[in-house]
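The structure appears right after this line, and notes come after that.
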Amino acid sequence: DDLAEATAIPHEAAEVQGRPAGPESASLPLRNYDDLTFASLRARLRNLDAAQLRVLVEYEQAHEARAAVLTMFERRIAKLSAGQD
């Protein structure tokens with residue numbers, strides 16, 4: 001089916017580049033994740049729990065792999081794990 005092939009292309013591209021496919025953008029805890037800027041992501045962090053942030057880390061690593069975004073997510077996860085809000 002053409003729709004299935006069209007949606008599979010990004011995963012194949014990620015795998016070809018040596019990255020895991022990761023979760024689909026539609027299943028992410030933030031709508032329109034791919035369109036959000038760093039500042040927009042930072043503004044939404046407090047609304048996410050550690051599990052949701054881990055999903056975003058996995059997705060970010062598999063797609064854009066922006067170091068600043070990954071660091072921001074990891075720091076927030078560490079704060080949540082330490083019981084800080």
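Out of Arg46, Arg75, one residue alone is in a helix (DSSP H, G or I), modelled with pLDDT of 95 or more, open to solvent by 50 Å² or more (accessible area, probe 1.4 Å) and not acidic (Asp, Glu). It is Arg75.
I need a count of the residues in segment 49-67 that are in a helix (DSSP H, G or I) and either open to solvent by 20 Å² or more (accessible area, probe 1.4 Å) or among the hydrophobic types (A, V, I, L, M, F, W, C) (or both). Even if it seems obvious, please write down each step before you answer.
Pass one, segment 49-67, residues in a helix (DSSP H, G or I): 50-62, 67.
With the extra rule that they be either open to solvent by 20 Å² or more (accessible area, probe 1.4 Å) or among the hydrophobic types (A, V, I, L, M, F, W, C) (or both), the set shrinks to 50-58, 61-62, 67.
The total comes to 12.
The values are calculated or read from the model by the stated rules, or taken from the named source; none is laboratory data. Nothing here was measured: the structure is a model prediction, and the numbers come from that model. Surface areas here come from the heavy atoms of the whole protein model, side chains and all, with no ligands, DNA or RNA. Shrake-Rupley method; radii C 1.70, N 1.55, O 1.52, S 1.80 Å.
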